[in-house]
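J.: Can you read through this structure? Questions will come right after.
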Amino acid sequence: MRDLLVTGIVLGALPFIFRNAWIGVLLWTWLSLMNPHKLAWGFATNAPFAALAAGVTLIGLVTTKGPVSLPKSSVIYFLIAFILWMGLTTAFSIYPELSLEQYIKVLKIQLMTLVALALLHEKKHIQLFVWVNVLSIGFFGVKGGIYTIQTAGGGRVWGPGGFIGGNNEIGLAMLITIPLMYYLYLTSDAKWIKRGLMAAMLLTAVAVLGTQSRGAFLAIAAMGFVLWLRSPHKANSAFFIVVIAAVLLAFMPDSWFERMGTIRTYQEDGSAMGRITAWKMTFNLANDLFFGGGFYIYTPFVYALYQPDFVKSVVAHSIYFSVLGEHGWVGLGLFLTIWFLVWRDAASLRKRVKGVDDLLWVHHLAGMCQVALVGYLVGGAFLSLAYYDYPYNLLVIIAVTQRWLLAHTQVQT
């Protein structure tokens with residue numbers, strides 16, 4: 001039944017993409033984030049649905065009746081520069097053939113990011129794009145929250161596979177989703193939608209705790225701090241945040257608190273020290289090789305050269321150190337600049353529409369994207385998710401909303 005449902009949705013949507021290519025962006029986003037076909041049990045499990053959706057969407061760039069153009073934004077230029085730089089570092093990598101395999105995967109994701117930037121122009125496109133992101137990851141949040149409650153916090157929440165297969169990775173993905181859920185809650189009129197979103201937010205928060213991810217715990221604390229800073233009524237907000245945190249933590253067993261307690265004693269934790277050693281290796285490598293080592297650097301040979309006192313070969317587990325080791329200091333600079341510009345553009349959006357009632361949705365959306373970005377930048381410090389497409393969808397949301405606002409203002413004028 002699941003196979004037929006997913007197959008029917010994909011095949012049923014394809015004909016509409018030729019005339020409305022933005023539908024292909026929504027379909028691709030759903031397939032790439034949620035991987036619904038992987039939740040089936042039969043013929044659809046290994047079907048190349050994402051590739052099919054991407055291929056038809058690329059054809060739709062030519063046949064669509066809507067506009068096709070990239071936003072005129074500095075963040076887009078830096079994104080393209082980062083993509084090209086990764087191609088250059090791949091050419092100069094330690095293992096060119098193996099690095100090329102990963103670069104092709106990253107290139108496919110970034111190509112569809114650019115396609116989304118070119119096709120999402122209208123307000124309804126932006127709204128539906130946010131909904132698809134929320135529903136794709138929110139599904140696992142609701143499911144994981146229910147599981148955590150059923151097991152009284154004893155069972156650990158794991159991801160469905162791919163980028164977010166691990167508990168840490170799915171924890172961060174769900175965490176990024178909560179602010180977008182809150183945006184939809186703020187801008188929805190129907191009571192049943194608002195109630196459903198509130199329940200989904202609470203269950204997703206429980207699921208994040210249920211992953212027992214220390215990185216996600218630090219990220220959710222950082223996001224809560226940003227929300228408190230943004231609140232005009234800080235005393236009431238602090239009370240509300242404390243109460244919600246107390247209610248959520250009441251579900252968790254003693255083993256959860258013991259695991260979170262290891263954050264203070266990281267020197268005694270093998271996993272944490274392995275990360276730090278990997279960071280040292282990437283730092284040494286970047287200082288030696290201008291282009292970095294390429295995507296494939298976590299091998300005994302590379303460790304023997306740049307961190308010889310470590311016997312294991314582990315990945316960097318950090319968006320910052322993985323980019324540093326793989327693409328050098330220039331690559332890290334481009335990567336950091338991208339997210340700085342996303343934050344700056346979101347702040348600019350909030351400032352421009354402040355006090356304008358019919359543009360309040362832009363104010364809320366930009367603010368919640370900033371909160372989600374804080375979660376990614378804090379939680380990502382402990383995860384290898386530098387190329388995960390979900391955070392780049394935040395970039396898309398801000399860039400296309402900025403373009404929409406510019407066009408909307410010109411029309412009003």
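J.: Go ahead and estimate [θ] at 222 nm for the chain from helices alone: -39,500 (n - 2.57) per DSSP H run with n ≥ 4, summed, over the residue count, rounded to 500.
T.: Per the formula, -25000 deg cm²/dmol.
J.: Could you compute how much accessible surface Ile220 exposes when probed at 1.4 Å, giving the result in Å² to the nearest 10?
T.: Using a 1.4 Å probe on the heavy atoms, I get roughly 50 Å².
J.: Quick one: order Asp358, Asp389 from most to least accessible surface, probe 1.4 Å.
T.: Result of the area sort, largest leading: Asp358, Asp389.
J.: What list of ³J(HN,Hα) values in whole Hz, one per residue of the stretch 316-323 in order, does the Karplus curve 6.51 cos²θ - 1.76 cosθ + 1.60 (θ = phi - 60°) give from phi, with Gly and Pro shown as x?
T.: Using θ = phi - 60°, the values come out as 5, 6, 6, 5, 7, 6, 5, 5 Hz.
J.: Continuing with this model, one more query. Taking the full set of protein chains and a 1.4 angstrom probe, give the accessible area of Ile76 in square angstrom, rounded to the nearest 10.
T.: It works out to around 0 Å².
J.: Can you find, among Met112, Pro67, Leu395, the residue farthest towards the positive end of the dipole of the chain? Put +1 on the C-beta of Lys and Arg, -1 on that of Asp and Glu.
T.: Projecting each Cα onto the dipole axis, the largest value belongs to Pro67.
J.: Follow-up question, since we're still on this one. Most fluctuating residue of Ala286, Ala207, Ala91 in a GNM of the chain with Cα springs under 10 Å: which is it?
T.: With Cα springs under 10 Å in the chain, the top fluctuation among Ala286, Ala207, Ala91 is at Ala91.
J.: Return the sequence-ordered ³J(HN,Hα) values of the stretch 274-288 in whole Hz as given by the Karplus equation 6.51 cos²θ - 1.76 cosθ + 1.60 applied to θ = phi - 60°, using x for Gly and Pro.
T.: These are the phi-based 3J(HN,Hα) values: x, 4, 4, 5, 5, 5, 4, 5, 5, 5, 5, 5, 5, 6, 8 Hz.
J.: Going from most exposed to least, what order do Glu122, Glu169 have by accessible area with a 1.4 Å probe?
T.: So the residues, ranked largest to smallest area, are Glu122, Glu169.
J.: Normalise the Debye intensity by I(0) for the chain, one equal point scatterer per Cα, no solvent, then take log10 at q = 0.10, 0.12, 0.13, 0.14 Å⁻¹ and round to two decimals.
T.: Reported log10 I(q)/I(0), two decimals: -0.71, -1.05, -1.24, -1.42.
J.: So what J values fall out for the stretch 165-178 if you push phi through Karplus, 6.51 cos²θ - 1.76 cosθ + 1.60 with θ = phi - 60°, rounded to Hz, Gly and Pro as x?
T.: Whole-Hz 3J(HN,Hα) from phi for the stretch 165-178: x, x, 5, 5, 5, 5, x, 5, 4, 5, 5, 4, 6, 4.
J.: Quick one: dipole size for the chain, taken about the Cα centre, charges +1 on Lys/Arg Cβ and -1 on Asp/Glu Cβ, in debye to the nearest 20.
T.: Rounded to the nearest 20 debye, it is 1040 debye.
J.: OK, next. Please list, in chain and number order, the residues 5+ apart from Gly292 or on another chain whose amide H is under 5 Å from its amide H, with Hs placed from the backbone.
T.: Gly328
J.: Under a cut-off of 20 Å between alpha-carbon atoms, report the lysines in cross-link reach of Lys65, not counting same-chain residues fewer than 8 places apart.
T.: By straight Cα distance, Lys65 reaches Lys123, Lys124.
J.: Quote the accessible area belonging to His317 in square angstrom, nearest 10, computed with a 1.4 Å probe and with ligands, DNA and RNA left uncounted.
T.: Accessible surface of His317 is approximately 50 Å².
J.: On to the next question. Probe radius 1.4 Å, ligands and nucleic acids left out: which of Arg2, Arg275, Arg195 has the largest accessible area, and how do the rest follow?
T.: The ordering from most to least exposed comes out as Arg195, Arg2, Arg275.
J.: Moving on. Principal axis extents for the stretch 74-119, Cα atoms only, whole Å, descending order, please.
T.: Principal-axis extents of the stretch 74-119 (Cα, largest first): 36, 19, 8 Å.
J.: Let me ask something additional. I need the trypsin sites (Lys or Arg not before Pro) found in the stretch 39-147, filtered to DSSP loop residues with at most 15 other beta carbons within 10 Å of theirs.
T.: Lys65, Lys72
J.: Sticking with this structure for a sec: Calculate what fraction, in whole %, of the accessible area of the chain sits on carbon and sulfur atoms when a 1.4 Å probe is rolled over the protein chains.
T.: The value for the chain is 68 percent carbon and sulfur by accessible area.
J.: Counting only heavy atoms of the protein chains, get the accessible area per residue of the chain (1.4 Å probe) and round it to a whole Å² value.
T.: Solvent-accessible surface per residue comes out at 45 Å².
The values are calculated or read from the model by the stated rules, or taken from the named source; none is laboratory data. Just so we're clear, the structure is a prediction, and the values are computed from it rather than from any experiment. Every residue, glycine among them, receives a Cβ derived from its backbone with ideal geometry; neighbour counts consider all protein chains shown. Keep in mind that these areas ignore ligands, DNA and RNA; they rest on the heavy atoms of the full protein, side chains included. Shrake-Rupley method; radii C 1.70, N 1.55, O 1.52, S 1.80 Å.
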